[in-house]
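Read the structure below first, then the notes.
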Amino acid sequence: MRMIKRESPSLFPMLSDDFAGMMGLRPWRWLNDMEDESAVLSWRPQIDIKEEAERYLVHADIPGVDPKDIEITLEGGMLTIRGSRKEEEKDEREGYRRVERFSGEFFRRFSLPDVADTAKVRAHADKGVLEIVIPKAEVSKARRIKVD
């Protein structure tokens with residue numbers, strides 16, 4: 001039993017880093033490693049995509065992101081959302097001062113269906129949620145054909 005306990009601490013970070021790398025997640029950091037770390041961490045906002053009769057709606061959770069720091073592009077049937085956030089949280093009280101900085105860039109890309117009217121796409125950000133409206137092209141809407 002002692003041998004398992006000795007092996008576990010070195011096995012867990014290795015498996016965690018491999019899993020996190022495959023999933024695009026931030027790997028587990030041991031406390032003593034955090035002191036040396038100064039890299040900017042990336043993050044991925046959660047995205048919801050909904051199809052309606054007349055349009056597609058894309059909602060992205062982007063708390064702390066200024067709309068001017070978001071870039072949306074359409075090229076070759078691909079919708080790309082790219083941006084960055086920079087936040088600073090300060091807490092000063094008698095006897096101590098704490099400052100935390102959160103920053104990172106994100107990048108999400110989606111293939112649009114052929115029925116999307118890319119010329120009429122519009123976007124709006126409000127209260128930490130980015131909404132992208134992608135109308136369907138007129139020719140792509142279903143119509144009923146009468147049989148004679």
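Some observations on this one:
- Within straight-line cross-link reach of Lys146, lysines at Cα separation under 24 Å, skipping those fewer than 8 residues along the same chain: Lys136
- The fewest-to-most ranking of Val133, Val65 by surrounding Cβ atoms within 10 Å reads Val133, Val65.
- Unit Cα scatterers, Debye sum, the range 44-131: log10 I(q)/I(0) for q = 0.11, 0.21, 0.25 Å⁻¹: -0.40, -1.04, -1.33
- Efficiency of FRET between Ser103 and Lys127 - r from beta-carbon atoms, R0 25 angstrom, step 0.05: 0.75
- Virtual spin-label span in nm between Arg144 and Glu87, 7 Å along Cα→Cβ: 5.0 nm
Every read-out reported here was derived from the displayed coordinates using simple, explicitly stated rules and does not represent laboratory data. Keep in mind it's a predicted model, so treat the numbers as computed, not measured. In this analysis, Cβ positions are derived from the backbone assuming ideal geometry, glycine residues included, and neighbour counts consider all displayed protein chains.
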